[in-house]
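Here is the structure we will look at, set down as structure tokens.
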Amino acid sequence: MAIQWWQILLLSLYAGYQILDELTLYSSMSSAVFAGLFAGLVMGDIKTGLLIGGSMQLTVLGVGTFGGASRIDANSGTVLATAFSIALGWDPEQAIATIAVPVAALMIQMDILGRFANTFFAHRIDSHIEAFNYKAIERSYLAGAIPWALSRMLPVFLALAFGGELVESVVAILNGDLKWLGDGLSVAGAVLPAVGFAILLRYLPVKKHFPYLLLGFVITALFTTIFGNIQLLGANVASVVEEYSAVLNGLPMLAIAVIGFALAAISYKNSQSVPVTQGTSNASAEGEIDDDEI
């Protein structure tokens, strides 16, 4: 399956939009999971898009940008991995390890280039401020979106338009003489979400709230097992009784989210109910300072 021109156009436009959304709008359309959804929708396979996007979202779950620091661009990596995986019939795990992650890391350089290019408009704004030229300030501010968008649009467009033959060659090699390497990359791609969780847990106050962590894990594991067995029971009954038409669903992600929200609410309520003695600090045993002390 070849990637059509209109698919290249839509994916390139989204790549330019997602960085602007991340910097200004914050609509969550700049997340890796949404990038997978959009790319899967454009390419005609939403399931593969969500699988790659969700895996990349988990991979960068604990990675944040502090100050002016650049971080890996999981969205662009997701778009390219989804497009090539669907177009070439490639295994999603291999696409994550061989396309999504390397592209996301390489896009750090494009992020830095976009920041450098924006300094031109920043200096123009400084000069317009001194001249009290408010219209020019607005124009320079809006023009600053151009280098940001191009820093994502151009690489994605060039990769989709001219990188197909290269990716096809890589796929042929990994599924041929180097199949052992392709299988290893698939395993690495499946493990990457666990790395994201590990990074996230490294920065969360796990020691302080480890009972909730254990309780949430156990509840989720029990419910998943129960619902999984109910699905299996329904499938077995349907195979024996022809008139049986009921569909037994698995544990919805909404239920897991509600469990997490309930535990978080309990923890927050307990932290707010702790009395604070006059003249003492509101810092926790781990040295954390509450918001009302800042």
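Read-outs throughout are calculated quantities, based only on the coordinates presented, and are distinct from any laboratory measurement. Keep in mind that this is a model prediction, so the values were computed, not measured. Counting neighbours? That spans all protein chains shown, and the Cβs are built from the backbone with ideal geometry, glycine included.
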* Structure fact -> Per residue, the convex hull enclosing the Cα atoms of the stretch 64-148 spans a volume in Å³ of 96
* Asked: Quick one: if the Förster radius is 25 Å, what FRET efficiency do residue 129 and residue 9 give, using the C-beta to C-beta distance and rounding to 0.05?
  -> 0.10
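How high is the relative contact order of the stretch 5-201, in percent, with contacts defined as C-alpha pairs under 8 Å that are six or more residues apart? Working shown, then result.
Details: 284 pairs, mean separation 56.5, N = 197.
Once normalised by length, the contact order is 29 percent.
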* Structure fact -> Here the relative contact order (percent) of the stretch 205-272, from C-alpha pairs under 8 Å and at least 6 apart, is 36
* Structure fact -> In nm, the gap between the two label points placed 7 Å beyond Cα toward Cβ at residue 235 and residue 202 is 3.8
* Over the stretch 116-170, calculate the relative contact order: mean separation of alpha carbon pairs under 8 Å at least 6 apart, over the residue count, as a percent. => 32
* To do: Express in nm, to one decimal, how much length is gained between residue 226 and residue 273 on full extension, taking 0.36 nm for each residue of separation and deducting their alpha carbon distance.
  => 13.4 nm
